[in-house]
Amino acid sequence: MNNKPIGVFDSGIGGLTVLKKIIEVLPNEKYIYYADTDNVPYGIKPKEEVKKYIKNAIEFFISKEVKAIVIACNTATSIAINDLRKEYTIPIIGIEPAVKPGIENREGKKVLVMATPITIQEEKLQNLVKNLNATEEVDLISMPKLVEFAEKTEFESNEVEEYIERQLGTYNLNDYSTLVLGCTHFPLFKNEFSKIFPNKIQMIDGGLGVANRLKDVLEKTELSGNNELEINYYNSGKLANETDTKKYNSIIS
Ligand code: DGL
């Protein structure tokens, strides 16, 4: 048993969609959530710059003596997880677009993966699709502005709807049975997606998979905790104020 906290990290509020699932699976833990609000969005910035931000977050967690780190950000995972695992011995769990479950459940139709520009361009996702022999069945599309809308807590509005429709432009939405939400900010727009996509579209994200993997890792390394649930939120290393704490709590509730 180990009662130290678990660090959960994203560029902004997106990782809270993952934290929500983690808490459902692991309610007896303490969590430190790090939103890199000074530097969000990551997905449209140069990779080397984003890697520095990620490193700062990891060093922050190390200074707080966390027992495990969850990178609740597809963009950060795709560019940094391999290097981080080489550099740190602490368990680090990442997230990647749930392409495999998307393919397995596609019912003869195509799969649309939505992510940030970095995630779409990175080899990690390209290889994932190739290794599943699914280049014909999977289309990739970036939706960078959704991250900005999410940070303004604008999850449903005419502007959001217009933006998604514009990005989808020439795609024939009836070709798809499955939407893979490959950015942790995107589950916040499920209501908008269900307005725009045909009725039966299934939306898949990697949140629950990450939660289950974290549970497994903690059990195998004998690091599971037995705490009252506790969450402390930090904005780029500074304790979040009351307004932000309320905002963050409302997203995970
Ligand atoms: N939430 C992030 C992801 O899963 C990154 C969004 C961003 O900062 O661009 O990719």
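Figures for the structure shown
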read-out: Count of the stretch 110-140 residues which are free of Cβ contacts under 8 Å to residues at least 24 places away in the same chain and of a type in the set (D, E, K, R); value: 3
read-out: Condition broken by TYR33, with the remaining ones in (1) within 26 Å of GLU154 (Cα to Cα); (2) within 12 Å of the ligand (Cβ to nearest atom); (3) of a type outside the set (Lys, Arg) satisfied; value: (2)
read-out: Selection status of SER63, in contact with a Ser or Thr (Cβ under 7 Å, 6 or more places away or on another chain) and of a type in the set (Gly, Ala, Ser); value: no
read-out: Residue tally, condition under 26 Å from VAL147 (Cβ atoms) and either assigned to a helix (DSSP H, G or I) or modelled with pLDDT under 95 (or both), over the stretch 202-220; value: 8
read-out: Wholly within the stretch 99-193, strands (runs of 3 or more DSSP E) carrying at least 1 residues that are more than 11 Å from the ligand (Cβ to nearest atom) and surrounded by fewer than 16 Cβ atoms within 10 Å (Cβ to Cβ); value: 138-142
read-out: Contacts under 7 angstrom Cβ, first residue in the stretch 226-253 being small (Gly, Ala, Ser), partner assigned to a strand (DSSP E or B) and modelled with pLDDT of 95 or more, 6 or more apart; value: ALA240/TYR233; ALA240/TYR234
read-out: Any chance GLU107 is free of Cβ contacts under 8 Å to residues at least 60 places away in the same chain and out of contact with any Leu (no Cβ under 9 Å at 6 or more places or on another chain); value: no
read-out: In the stretch 41-72, residue nearest to ILE118 (Cα to Cα) [restricted to those that are of a type in the set (Val, Ile, Thr) and more than 19 Å from the chain's Cα centre (by Cα)]; value: ILE62
read-out: Condition met for ILE95 (buried (at least 22 other Cβ atoms within 10 Å of the Cβ), outside any loop (DSSP other than H, G, I, E, B) and modelled with pLDDT of 95 or more); value: no
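The values are calculated or read from the model by the stated rules, or taken from the named source; none is laboratory data. This structure is a prediction, so every number in the text was calculated from the model and none was measured. As a convention, Cβ positions derive from the backbone with ideal geometry for all residues, glycine included, and neighbour counts pool all protein chains shown.
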